[in-house]
Every structure is written in structure tokens, then in C-alpha cells.
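All remarks here apply to the structure that follows.
The values are calculated or read from the model by the stated rules, or taken from the named source; none is laboratory data. Quantities reported herein were computed from a predicted structural model and do not represent experimental measurements. Neighbour counts are summed over all protein chains in view; Cβ atoms, including those assigned to glycine, are modelled from backbone coordinates with ideal geometry. For accessibility, only protein heavy atoms count, side chains too; no ligands or nucleic acids. Shrake-Rupley method; radii C 1.70, N 1.55, O 1.52, S 1.80 Å.
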Amino acid sequence: MATAALALSDVGYAHLRSKLNSQSISRLLSVCESFRDQRTRGGYVIWPTVEELPAELRAWSEGEGAEMLLSCLPSGRSVRLTGGAALWKDETYAEATPFHQDKAYRDPAEGEKMVIWLALTHAGPRNGCLRFAPAMSANNVMLPHAQTSRHEGPSGFGRYVEGDVLATASATAEACEVVPGSVVVIGPNVLHGSYGHTPGEPARLAFSPLYEITASATTDMS
């Protein structure tokens, strides 16, 4: 996984492949689909605590998911699952996810947090795959974000870039097309969003666990 760790360091995200077989992927997809009626603005079902996560999603997140994230981090780090979300793009929730940096949502007092994105269906530019603009956030620069409530923001997001930053990101972003079982590790600083859903295209569904990143007492996090 050295290449993945280098990718995360260089461009802010890494695209990996899980060990999940088609049967396991279908099972996790079914678990998420059982919560379809609970979707909120933007097409999300959010489990804010680890205790609220469905058992099968929690088991994967604390097992292979955590291992894949750790493989991309410097040695001496540890991760702790804190929650997660199921993410749809379909004809009901078709709006593109706005460009943002995850760090814009984090309270510095809470420490470092990161998400990974497990694809449970195919996702490409026509049905909602992720897109990244790593050059926009090179050197971990923090870009200005508009702020509103997630009930008012585009696709349920309360933090997003606008104006010239948005125009440049839209023009230069690279698509991250995935197949079921793909995992994308998303760094806290990289500027990213997702494409919208095109009518007639298959729905996109992903599961995204959230982790707290910590270090041992002898590890320097700087």
C-alpha cells in the first residue's frame, strides 16, 4: 500500500480496492438500502455515533476499512471509528455535491478526522462519482468556504467554495470513477465534490465511515 500512502500525501486522496466479494458488497448494499426511507436532504442517511451504525457496516469499518485507512497514513497513527453515512445519487437526489474541503467541517479542538468512501455500486461522471481538484488545495492551503445550514446548502452541504475558486475547480477537476468494492481515502484538505445524477442512469450508492486519527504517546503528529 506504499503507493496509496504516497498518493494521499501527494494529491490528497487514494483509490484502493477492498477484498470484498460481490456477495459481501450486495449484503452491505442491502443494509444501506433498508434505510432508504430515512434519507435526508442531499440523499444521506447519517449515523452520528458508532453505536448507531448497523452491525455489518460497523464490522467492515472497524476491520478492513480501518486497515485500508491506516495503510495510507504515516506510521505510528491509529484510527477510531466514530460514525458514518450512506450516500445516494439518483433521480430523487440528483444534485451534484459542491466542492469543499472536509477540514472546513472540523472543529480543531476535536482533533484530526478523515473519511473513506466505499463504493457499493459503479459510479462515473454521469451518475455521481467523486471528483477532485488537488492543485487547488496544494500545500494544505485552506480555501474560503461559504457557510450555511445543511438544510439550505446545495445537496445538503453547509460548507462549499464559490466564485473563482469554484470555477477553477470545476474546470480542472479529475473524475474518480469506481466499481463496487472500490475504496477512496479522502484527505482532510483536498478539494473535492461529486458529479450529479443524469436522468436514466443507474443510482449511485456509497458508504462513508468517519474516523478519528490519533497517535501513540511517543509519536509526533506534526
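FRET efficiency for the N140 to E67 pair, using the beta carbon distance and R₀ = 22 Å, is estimated at 0.30.
Approximating the spin labels as points 7 Å out from Cα along Cα→Cβ, the V179-to-E51 distance works out to 4.1 nm.
Taking a quarter of the surface of the Cα convex hull of the chain, what do you get in nm²?
11.9 nm²
GNM remark for the chain: springs join alpha carbons under 10 Å apart, and the peak mean-square fluctuation among P108, P48, P98 falls on P108.
Mind telling me which of G42, G153, G63 comes out most flexible in a GNM of the chain, alpha-carbon contacts under 10 Å? The residue that fluctuates most here is G63. Placing a label point 7 Å from the Cα of N21 along the Cα-to-Cβ direction, the residues of segment 172-210 with a backbone N closer than 20 Å are 179-183.
Were the residues from S34 through T92 laid out at 0.36 nm apart, the gain over their Cα-Cα distance would be 19.2 nm.
Helix content alone sets the calculated 222 nm mean residue ellipticity of the chain: runs of n ≥ 4 DSSP H residues at -39500 (n - 2.57) each, divided across all residues, give -5500 deg cm²/dmol.
For the chain, modelled as a GNM whose springs connect Cα atoms under 10 angstrom apart, the maximal fluctuation among R159, R36, R204 occurs at R36. Expressed as a whole percent, the accessible surface of the chain that belongs to carbon and sulfur atoms is 52, based on a 1.4 Å probe. Averaging 1/r across all pairs of distinct Cα atoms in segment 99-222 and inverting the result yields a Kirkwood radius of 15.6 Å.
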